[in-house]
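> The structure that follows is given in the form of structure tokens.
Bear in mind that the values in this text are calculations on the coordinates, not laboratory data. For clarity, every value in this text was computed on a predicted model and none was experimentally measured. No Cβ is skipped: glycine too gets one built from the backbone with ideal geometry, and neighbour counts run over all protein chains shown.
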Amino acid sequence: MQKKSPSPSGSGSPQSAGHVHSHPKHYCGVFGIYGHPNAAELTYYGLYQLQHRGQESAGIVSTDGRQFYVHRGMGLVPNIFNGEVLHTLIGSSAIGHTRYSTTGSSNLVNAQPLTVDCGKGKIAIGHNGNLTNAAALREELESRGSIFQTTVDSEIIVHLLALPAGSGGHESTLINAVRRIEGAYSLVILTENELIGVRDPHGFRPLSIGRMSNGAFVLASETCAFDLIQAEFIRDVEPGEIVIIDTNGLRSVQAFPEHTRRAFCIFEYVYFARPDSNISNRNVYRVRVDMGRQLAREHRIEADIVVPVPDSGNCAALGYSLESGIPFEMAFVRNHYVGRSFLQPSQFIRDFNVRVKLNLIGDLVRGKRVIIVDDSIVRGTTSKARVTSLKEAGAKEVHVLVSCPPHMNPCVYGIDFPERSKLMAATNTHEEIRRFLNADSLGYLSLDGMVAATGHPRNSFCLACYDGQYPVAFDPLMDKHIMERRRARGGGLGLELAAESRHQRLL
Ligand code: SF4
């Protein structure tokens, strides 16, 4: 498959951006535990810690070595599970999943972990990431008789795992399955007697191994899940590694050549991961503070105070303040109880939706030269609202700084960025953006500065949303809802893709 640019550049303008969400959405969080009498309860707490990675649905599958016990629901973890439900999730092993839909709609059928009862026994799977060859694989599997229940790409992995084992047995089926899928995936897989963790050969998404004091093994998307359940961090699952945990302990299988290009998602450090997590031996909080320090070295501004856009800009603003000596003030106060708004999105309502999340302490900024620090400007509308409220409160100057470079391209590896035409930096000049924000100045952290703050080499990262260099080729017609569109029209995928190509050409 050829490398293609993700979508035709559009002609969107800042003024046309009317959405309320200021940040790309998270994708998913996965958790697994093997060998603990309270497996379901611990999975529940693990998911609680991973809630930031997905808020649309969640699920837990447990096993006592004979049966699977399953509960999935829509919404937040504490709304889906209670003591009664957790009591029904029997057994000493379990996996769990929190979901934000990156492929397939948000509904209960698509909630994970997915389960199957096949010739090999029972298999459950939780997936974080996006498969870039999902459409072609699904077409192939369906032509061979596979019947799909959902519209998520993760089900393809279940079907590949359920294929009859060749002469190499169970382990070789697993290796063959992961060698067929492409893109980003960190997986937890549960069978009646094993917990398995898999990370794609590029290592796009994090996955770590921990251990409880009773010897139980734990897998989690982020190490913050270990802290709550008092598991000790052992190590990260390596890119391309399969870890198989059973009564004999943990064994490791390398399913790919070791020289595969690493491509960890740098936006995990910038925004997605929790600051109390450690990724690739670096604490996310410290990396973000270093990004702020670097920002101060690259953009020296005469100002009176540095203000973060909470919570995502907190660490970088602190770093800027420490490096520059300019006092740090929490002038924006976040309302933690804002849920989704169901009011009709008129411009009048949108303005309230943007303002309801953050309230400004006007006294702190009146007559001051203010620097505000955020982790990204995607569509620009919320940043503009922050500048407006600062100026309305009497700030003398407002300088906007961003702790990463401009986002120029969408993500095809599991982050729900808007299409290119809605990315402000992709369709406007630096000066146009500054004027739209009504800021006195605008500055971004450089690509080199961002990478340097992580302490890892540049070639260990995916930077595609910044530099357009996609480390894994992808199908340019694949998007979040392709499975549903295809099902609705009842045509073959080949027909679907051909029709969309024609449509694109017509445009
Ligand atoms: S394109 Fe951006 S958001 Fe997507 S995986 Fe790469 S660095 Fe992360």
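> Could you go through the range 385-393 and let me know if any residue there is surrounded by 22 or more Cβ atoms within 10 Å (Cβ to Cβ) and either in a loop (DSSP other than H, G, I, E, B) or within 16 Å of the ligand (Cβ to nearest atom) (or both).
Checking the range 385-393: not a single residue is surrounded by 22 or more Cβ atoms within 10 Å (Cβ to Cβ) and either in a loop (DSSP other than H, G, I, E, B) or within 16 Å of the ligand (Cβ to nearest atom) (or both).
> Quick check: is even one residue across the range 167-179 assigned to a loop (DSSP other than H, G, I, E, B) and in contact with a strand residue (DSSP E or B) (Cβ under 9 Å, 6 or more places away or on another chain)?
Checked the range 167-179: no residue is assigned to a loop (DSSP other than H, G, I, E, B) and in contact with a strand residue (DSSP E or B) (Cβ under 9 Å, 6 or more places away or on another chain).
> Criterion first (of a type outside the set (K, R), surrounded by 21 or more Cβ atoms within 10 Å (Cβ to Cβ) and within 15 Å of I371 (Cβ to Cβ)) does V270 satisfy it?
Considered against the rule, which asks whether it is of a type outside the set (K, R), surrounded by 21 or more Cβ atoms within 10 Å (Cβ to Cβ) and within 15 Å of I371 (Cβ to Cβ), V270 comes out as no.
> State the number of residues belonging to the range 443-462 that are under 10 Å from P405 (Cα atoms) and surrounded by 15 or more Cβ atoms within 10 Å (Cβ to Cβ).
7
> For the structure I just gave you, tell me whether S312 is in contact (Cβ under 8 Å) with a residue 24 or more places away in the chain and at positive phi.
So S312 does not fit the description; no.
Results for (1) farther than 27 Å from Q55 by Cα; (2) within 16 Å of the ligand (Cβ to nearest atom); (3) of a type in the set (G, A, S), shown as yes or no for each residue.
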{"site": "K396", "(1), (2), (3)": "yes, no, no"}
{"site": "F417", "(1), (2), (3)": "no, yes, no"}
{"site": "G449", "(1), (2), (3)": "yes, yes, yes"}
{"site": "T454", "(1), (2), (3)": "yes, yes, no"}
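> Among S280, S252, S221, which is the only one that is hydroxyl-bearing (S, T, Y) and away from the ligand (no atom under 16 Å from the Cβ)?
Testing whether each residue is hydroxyl-bearing (S, T, Y) and away from the ligand (no atom under 16 Å from the Cβ) leaves just S252.
> Here's a follow-up. So in the range 398-415, with the set limited to residues that are surrounded by 23 or more Cβ atoms within 10 Å (Cβ to Cβ) and away from the ligand (no atom under 16 Å from the Cβ), which one is farthest from H299 (Cα to Cα)?
Applying the filter and picking the extreme gives V398.
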